[in-house]
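For reference, the structure is listed below as structure tokens.
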Amino acid sequence: PNTEESQILIDGNVLAARALALAGVRHMFGVVGIPVTSLATRAVALGIRFIAFHNEQSAGYAASAYGYLTSRPGVFLTVSGPGCVHGLAGLSNATVNTWPAVMISGSCDQRDFGKGDFQELDQIAAVQPFVKFAAKATEISHIPRVVLTVLSHAVEGRPGGCYLDLPTDVLHQKVSVEDASLLLSEAENPRFRVIGDSVSNLDIEKAVGLLRKADKPLIVFGKGAAYARAENSLKKLIETTGIPFLPTPMGKGLLPDTHELAATAARSLAIGGCDVVLVVGARLNWLLHFGEPPKWSTDVKFILVDVSKEEIELRKPYLGLVGDAGTVLDLINREIKDDPFCLGKSHPWVAAISKKAKDNVAKMEIQLAKDVVPFNFFTPMRIIRDAILAQGSPAPILVSEGANTMDVGRAVLVQTEPRTRLDAGTWGTMGVGLGYCIAAAVASPDRLVVAVEGDSGFGFSAMEVEVL
Ligand code: ADP
């Protein structure tokens, strides 16, 4: 043993910071205070950028969006008790949107628990309904393994929110530098790749057969496909087959809204008329009318591609393909390559969608061309749209919240690049705006970030303007 290293002691704060740095964490959002201030300063000393918020809620929203934009867990730090409770907003937002995020909270001294300690709460029990996985380090030697395990759970399979509890006494315990290095090297390396089950060749053949024989095929994609960075595979599939596509709100931009096969402006016709739909990384939840009549036809055949087996089992589609969106789409593309088919512009279904979309866009343009003063929603939205388009590439990231602002914005604002729209999402969360802006600026420093927010939505997190 190196006698010098066996004599120098470090505490749980240093060890946790070292484990985070070892796992490749580069940014941390949060609000510091007792007992986690030292953890934050130690992390900063190791090169992790700490972005200090006014409220844990916004820090959590930022971490969730950071997870979505980077495919790495967004980490945020809170104090015990109320800090942890405020953070649940962001943690649950991550889980519901299936984005990887980790909330790390300090908690009261384990020996004083139950006696009415400062900010005492059974935090593991409190977070349980909102997380994929939660763990507590009950002694200092657990820290490296627990940190790395929690980070892995956030990204593995279907991503989601995870929680790590660090009690005060554990943060203050000490180990020698030598033991710390050993503990760190023994901790399992986190797996930052999405792991999907393997899809059988037979199912891929079936999927292609269904699309090939369909009279009115449609491809729907969502933020799961965006998270999977499946844009190139999707583009290839759509452009070789000529099948019209419909993005969900945050799927917008995987292929440009201006693409000739975009059915965005003919949504009702596309949904109501299609007979076979390939749905990639989007749940048949409220946003897609549960895949049920009357919006969808009774005999529509769904082919679902999702990394989550549970999701596919829940929806009971005609055909389910469990796996990473990019991987499954590549298998489909490979299967088509041997015997290609393309609908072509004059195909009745493609022509009908194209005509409806053009008519609807023309109608909206008439509204947009009117300069109405005092402003309605359309006039400022047109000005913002043109300013965003004038930016070119890399396209700005658009953050949007507020019911009307989001609805009108979804129709008017044009998305041309993947992962450039962040909105209230699956949980319809208001108050995400400024946290999302900060996350977007951190995750994509090359892009301009534009927040288009209703005044009420903005009010939820307005003070975070100072952080921004
Ligand atoms: P949207 O709001 O755009 O409709 P949802 O959040 O409802 O999208 O659905 C996203 C889906 O994508 C989730 O069911 C999730 O399991 C899935 N998903 C996440 N990552 C991947 C991936 N790498 N490949 C395929 N599906 C994924």
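So what are the ³J(HN,Hα) numbers for the range 276-286, from phi and the Karplus equation (6.51, -1.76, 1.60; θ = phi - 60°), rounded to whole Hz, Gly and Pro as x?
These are the phi-based 3J(HN,Hα) values: 9, 10, 9, 10, 10, x, 8, 8, 7, 9, 4 Hz.
Could you give the radius of gyration (one decimal) and Dmax (whole number) of the Cα atoms in the range 1-119, in Å?
That works out to 15.3, 50 Å for Rg and Dmax.
In whole Hz and in residue order, list the ³J(HN,Hα) couplings for the range 390-395 that follow from phi through the Karplus curve 6.51 cos²θ - 1.76 cosθ + 1.60, θ = phi - 60°; x for Gly and Pro.
5, 5, x, 10, x, 5
Pairs of alpha-carbon atoms within less than 8 angstrom and 6+ residues apart define the contacts here; what relative contact order does the range 233-377 have, in percent?
Values: 166 pairs, mean separation 40.6, N = 145.
Contact order relative to length: 28 percent.
For helix 82-97, report the angle its Cα long axis makes with the longest principal axis of the Cα atoms of the chain; keep it between 0 and 90° and round to the nearest 10°.
So the inclination is approximately 30 degrees.
Provide the descending list of Cα extents for the range 310-442 along its principal axes, expressed in whole angstroms.
Computed over the range 310-442, the largest-to-smallest principal extents equal 56, 40, 31 Å.
Return the subset of K223/K301; K174/K223; K223/K356 for which the Cα-Cα distance in this structure is over 32 Å, preserving the input order.
Numbers: K223/K301 21 Å; K174/K223 43 Å; K223/K356 25 Å.
Going by Cα-Cα distance, K174/K223 fall outside the 32 Å limit.
If amide hydrogens are placed 1.01 Å from N in the peptide plane, which non-local residues have theirs closer than 5 Å to the one on I397?
L448, V449, V450
Which value, to two decimals, describes the C-alpha radius of gyration of the range 116-162 once divided by 2.2 N^0.38 Å? Mind showing how you got there, number by number?
Details: Rg = 12.3 Å, N = 47, 2.2 N^0.38 = 9.5 Å.
The range 116-162 yields a ratio of 1.29.
I need the Kirkwood Rh of the range 153-257: take the reciprocal of the average 1/r across all distinct C-alpha pairs and report it in angstrom. Don't skip to the end; give the middle numbers.
Numbers: mean 1/r = 0.0550 Å⁻¹.
One decimal place: 18.2 Å for the Kirkwood radius.
For the chain, find the longest principal axis of its Cα atoms and tell me its angle to the long axis of helix 348-369, 0 to 90°, nearest 10.
Tilt of helix 348-369: around 70 degrees.
Roughly what % antiparallel, to the nearest 5, for the DSSP beta bridges in the chain?
Roughly 5 percent of the beta bridges in the chain run antiparallel, per DSSP.
What does the convex hull of the Cα atoms of the chain come to per residue, in Å³, rounded to a whole number? It would help to have the intermediate numbers written out before the result.
Numbers: hull volume 72.1 nm³, N = 468.
It comes to 154 Å³ per residue, whole-number rounded.
Can you check what the Kirkwood hydrodynamic radius comes to for the range 367-463, Cα pairs only, in Å to one decimal?
Taking the inverse mean of 1/r over all distinct Cα pairs, the range 367-463 comes out at 13.7 Å.
To the nearest 10 degrees, how steep is helix 403-412 against the longest Cα principal axis of the chain, on a 0 to 90 scale?
Taking the Cα atoms of the chain, the angle to 403-412 is about 50 degrees.
No value in this document is a laboratory result; all are computed from the given coordinates. Being a predicted model, the structure only gives us computed values, none of them experimental.
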